[in-house]
Amino acid sequence: MQGEAMQENNQPQTNVSSKAGAYVFKNERVSIMNKVMPVLLFLCASISVLTTIGIVVTLISETFAFFQKVPVFDFLFGTKWSPLITPKSFGVLPLLNGTLMITLIACLVAIPFGLASAIYLSEYAPKIVRKIVKPILEVLAGVPTIVYGYFALSLITPLIRDIFPNAGVFNALSAGIVVGIMIIPMVCSLSEDAMSAVPRSLRDGAYALGATRFEVALKIVVPAAFSGIVASAVLAFSRAIGETMIVTVAAGATPSLTANPLDSIQTMTAYIVQVSLGDTPHGSLEYGSIFAVGMTLFVITFLLNILAQYIARRFREEY
Amino acid sequence: MSIFQDANRKQIANRRRVDWLLHILFVIATSVGVLALCALIIDVLVDGVARLQPQLFTEFPSRKADGSGMKSALVGTVYMLLIMLPLSFVLGVGAAIYLEEYAGKNRLTRLIQLNISTLAGVPSIVYGILGLTIFVRLMSLDRSLIAGAFTMTLLVLPIIIVSAQEAIRAVPKSRRDASFALGATKWQTVSRSVIPSSLAGILTGVILAMSRAIGETAPLVMIGALTYVAFLPNSLMDSFTVMPIQIYNWISKPQLEFKELAASGILVLLALLLIMNFSAIMLRNKYQKNV
Amino acid sequence: MQPLIHINKLNLFYTSFHALKDVTLTIPEKAITAFIGPSGCGKSTLLRTLNRMNDMIPGTRIEGSIAIGGTELYSNEVDVETLRKKVGMVFQQPNPFPKSIYDNIAYGPRLHGIRSKQKLDEIVETSLKSAALWDEVKDHLKRSALSISGGQQQRLCIARALAVNPDILLMDEATSALDPISTLKIEELVQELKDRYTIVMVTHNMHQAARVSNQTVFFLSGEVIEYSDTEKLFSNPTDQRTEDYISGRFG
């Protein structure tokens, strides 16, 4: 009988139709959409969870298989990584060393310059300068990493070799500097967000006491935005660890425990690329090793990202 | 000397000097980013402009630099975008609508949200490992166009979801109320009021995500997009290459001519990105005017 | 009451907006002067020229004369940092820094070069006492300034302004964000402070001006319509617009 009511209704979109003076608050066609759509949309949202599960399960199962053949201890604490030449050896420390060296150099570039740019843009720069510089930094952030790799190899490396003639064609310093340049915009924009969240009234309070601009910036704004700034630094660190193409192109393919940034090194990410470029048979040791290395990479960046979120939330200032 | 200049004269002069010095330092630090971008562009232009010729678009890669082009890579990139675009749009916007309009404020929602922001920070090469295992091996899609497109879709989803959520959140509640008050259902309100109002913002995010995908190299290397492809893919199951991989291939060759080819390839890639970013900015400006 | 601040034909523009028009006014020493008027009338703008806080808004232009104790504020006889030290300010919303109570008070003295712990302790104590806050917070000076109530925060901000030893205290609607009891406390405090400081307050609350101030200035659309002893202005205004405003016909 509700169906009849609907057929008589020449505006099926409306929820309310009347029949012989009685109100009927029902419209079947509409309520089907109302039931189906939430489910479909939920499925879309669940893809992201499935992705995470997929990553974790893939990494764990393949890594587990790899550790059947190579002892965990040898992997984590071994000091020699030579997966292609017999006797094969899978000590991850040289790769970790390469990754950390790149990350350290990158952070030494990105954090000071990113933070200083953020302070300049948020506290000093006139509106017009902000309007010009911010889009430029956005462009810088959108440049593909392979382009940065080219930049490292064709401009930065020759410069470094002019200054340090004993530097290799592939060296950690060049790649590290360019990774740092790549993440300057990220540090800058996240820190600037944190600083612009500091209310105007705090700045006014300090100016009214006779503070100069740098005193307001460094003694009021930066401390008040400190958690956001630290979070941006942690994210920068994590981003540098995961960077792949720049180091693949410019840092070399020599896993080693060197501490000399002018040497060629290999990072975890570059190793994964190296193996997958070759035709490695499924099930071989090398094939398994990319999962073990990938797992290490994933765990480190995952923990860093959680840490950044925790810092940003836990220490969020209430002004 | 006035009452506003007395004893502290020297101390204030010092503080001002520090302020001035830091100001200069901050300007220099900021210009490092700007100068780096200029240096990068000039470097690529100087190296690549000579080989920026029609053959770059009409020829397949070859052993000799002089006859080489990036036709297959260009077409591969376009095909991949065409597959990714509808896929990531529907999934990403769907997820955003669910989270903003339907999801209850419960643990599951918080988990999904946290999960999305964590995924955004996962290194892209890890997506490559995922794609290699799930799509290439498990689903036996092999090193195909479709496997690449699936992998890249997963990679850009977090970006699309987050930006679509922001766009949807920016739609004022009054607009939803107006729709409900006319007797619209939830889905009618969402599809006819909320989505149209936030479409420009959503599209901006989608374009930015696509431009991220165009430049990504590592995950596609992982799933085995080939570095040397002298044919155009005919079906979803064909193997393929994309621009950044072709560029990478040229960079890793020792001969100078290939370096120049790489630079001209980069010019094409950057031009494409510039066009996409520019359209995103235009959209964003339009969008800011409307809301 | 000796006049301390002389303002003569002062005009102020924000880019093209004419915010203050030919303002001529004297403000007496060691007394309370209240600025009243509807919002947007220029009363806060004038207050912010007294410690040159308007300098920071791009596109601000000033013509005419504004002098404290015979010194033109916009001359190179004036270091703006020292000016702001001598002319303290309290804002509409309590704005303590996210630091400890102690560090909030010590912030100004430290800026101006006081390093000795003993001296700072002394300043913190006297400033908090002057702001009638010492007894409430003396046992937890290291606690965050954000942990005390809004009224206490505002008195902390007054103490912070007093800590750099100003001559003049500017209060920009300093009680408008507070509850009636906290407002009353601050009004009492201001009464005590006027023996030592010249106080200029902007208020949107006419009753507060009538209760607290010695002299009242009425602003309308960037002009000073009338100023005189508070009692006279409220009981016997000379201008019709003043009468309309204080009898609640607009604003």
Filtering region A:138-165 down to residues that are more than 9 Å from every other protein chain (Cβ to nearest Cβ) and of a type outside the set (A, V, I, L, M, F, W, C), which residue is nearest to A:D193 (Cα to Cα)?
A:T157
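For region B:254-291, give me each residue that is more than 20 Å from the chain's Cα centre (by Cα) and within 12 Å of another protein chain (Cβ to nearest Cβ).
Of everything in region B:254-291, those that are more than 20 Å from the chain's Cα centre (by Cα) and within 12 Å of another protein chain (Cβ to nearest Cβ) turn out to be B:P254, B:L256, B:F258, B:K259, B:E260, B:L261, B:A262, B:A263, B:S264.
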Residue within region B:62-72 that is closer than 30 Å to B:L154 by Cβ and assigned to a helix (DSSP H, G or I) present:
yes
If the Cβ limit is 6 Å and pairs must be 6+ apart or interchain, which residue in region A:119-137 that is under 13 Å from A:D193 (Cα atoms) pairs with which residue that is modelled with pLDDT of 90 or more and surrounded by fewer than 19 Cβ atoms within 10 Å (Cβ to Cβ)?
A:L121/A:R130; A:S122/A:S196
Given the residues C:L133, C:L128, which is the only one that is without any contact (Cβ under 8 Å) to a residue 40 or more places away in the chain, in contact with a Phe, Trp or Tyr (Cβ under 8 Å, 6 or more places away or on another chain) and crowded, with 17+ Cβ neighbours inside 10 Å?
C:L128
Residues (within 9 Å of another protein chain (Cβ to nearest Cβ), over 20 Å from C:P94 (Cβ atoms) and more than 28 Å from the chain's Cα centre (by Cα)) located in region A:166-225
A:T212, A:R213, A:F214, A:E215
Evaluate the following for B:F4: is it modelled with pLDDT under 85 and in contact with a Leu (Cβ under 8 Å, 6 or more places away or on another chain)?
yes
What strands (runs of 3 or more DSSP E), lying completely within region C:17-91, carry at least 1 residues that are under 21 Å from C:N205 (Cα atoms)?
C:17-28, C:32-36, C:87-90
Identify, please: which residue in region B:36-79 is in contact with a Lys or Arg (Cβ under 8 Å, 6 or more places away or on another chain) and of a type in the set (D, E) and is, among those, nearest to A:L137 (Cα to Cα)?
B:D47
So B:W187 fits all but one of (1) surrounded by 21 or more Cβ atoms within 10 Å (Cβ to Cβ); (2) under 23 Å from the mean Cα position of the chain (by Cα); what number is the exception?
(2)
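Of the residues A:K35, A:K80, A:K69, which is within 30 Å of B:P219 (Cβ to Cβ) and either surrounded by fewer than 14 Cβ atoms within 10 Å (Cβ to Cβ) or modelled with pLDDT under 85 (or both)?
None of the other options fit; the residue is A:K69.
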Taking the residues in region C:92-122 that are within 8 Å of another protein chain (Cβ to nearest Cβ) and assigned to a helix (DSSP H, G or I) as candidates, determine which candidate is nearest to A:V221 (Cα to Cα).
C:Y107
What is the number of the single condition among (1) touching a Cys at 6+ places or on another chain (Cβ under 7 Å); (2) away from chain B (no Cβ under 14 Å) that A:A236 does not meet?
(2)
Name the single residue, out of those in region B:171-206 being aliphatic (A, V, I, L, M) and within 14 Å of chain A (Cβ to nearest Cβ), that is nearest to B:Y102 (Cα to Cα).
B:V190
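The values are calculated or read from the model by the stated rules, or taken from the named source; none is laboratory data. The shown structure was predicted, so the numbers you read here are calculated from the model rather than taken from an experiment. Counting neighbours? That spans all protein chains shown, and the Cβs are built from the backbone with ideal geometry, glycine included.
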